[in-house]
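The values are calculated or read from the model by the stated rules, or taken from the named source; none is laboratory data. Note that the coordinates shown come from a computational prediction; the quantities given were computed from them, not determined experimentally. Reconstructed Cβ throughout: ideal geometry from the backbone, glycine too, with neighbour counts over all protein chains shown. Note: areas computed on protein heavy atoms with side chains; ligands, DNA, RNA excluded. Shrake-Rupley method; radii C 1.70, N 1.55, O 1.52, S 1.80 Å.
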Amino acid sequence: YFMLNIVLFVIAFVITLPILATIVMYYILKYLYRNPIKAFHKAINWSTFLYILAVHTLLSYLFSVNYLGYIFVLLLSILTVLIILQWKKYSEINYYKAFKLLWRLSFLLFFTLYIGLVLFGIVKSILV
């Protein structure tokens, strides 16, 4: 029971503070790979999912509505646009490339949303 609480606390902490998790991941991977650029890319790649969960958690907390379905539809829409653009440009679809670009765009989008929602939450809590 005690170990379960510790695991749940660590998971909640990582979802709540994905920036800290990204930084810790970066330094661990930098030590393992001995290459800061590769470590940066891997840390961003692995923490994208954390930012998606953090944005969902913040949206649910701030607005009391479940946004997981909307996030899923948004990601599928972005993937659809990427595949159509790739088909138009190359007349051939490389799904690996499309998913990789989706994942990188997701990091940029959800990192930005996370920062914006944290600032919004701070302002909301100060004003209320």
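Select, from Ile78, Ile84, Ile115, the only residue that is among the aliphatic types (A, V, I, L, M), open to solvent by 70 Å² or more (accessible area, probe 1.4 Å) and either over 28 Å from Leu17 (Cβ atoms) or assigned to a helix (DSSP H, G or I) (or both).
Details: Ile78 fails: open to solvent by 70 Å² or more (accessible area, probe 1.4 Å); Ile115 fails: open to solvent by 70 Å² or more (accessible area, probe 1.4 Å).
Just a single option satisfies the conditions, and that option is Ile84.
Screening the stretch 53-79 for residues that are under 19 Å from the mean Cα position of the chain (by Cα) and of a type in the set (Ser, Thr, Tyr) and picking the one that is farthest from Phe99 (Cα to Cα) gives Tyr61. If you go through the stretch 53-66 and keep only what is in a helix (DSSP H, G or I) and open to solvent by 80 Å² or more (accessible area, probe 1.4 Å), you end up with Tyr61, Phe63.
Is there a residue being polar (S, T, N, Q), in contact (Cβ under 8 Å) with a residue 12 or more places away in the chain, under 22 Å from Val55 (Cα atoms) and open to solvent by less than 80 Å² (accessible area, probe 1.4 Å) anywhere in the stretch 99-111? Steps first, please.
From the stretch 99-111, those polar (S, T, N, Q) are 106; that's our starting set.
With in contact (Cβ under 8 Å) with a residue 12 or more places away in the chain added as a condition, the list becomes 106.
Those still in the list that are under 22 Å from Val55 (Cα atoms) too: 106.
Next, only the ones that are open to solvent by less than 80 Å² (accessible area, probe 1.4 Å) stay: 106.
Yes.
The set of residues in the stretch 15-52 being crowded, with 18+ Cβ neighbours inside 10 Å and within 9 Å of the chain's Cα centre (by Cα) consists of Pro18, Ile44, Ser47, Thr48, Leu50, Tyr51, Ile52.
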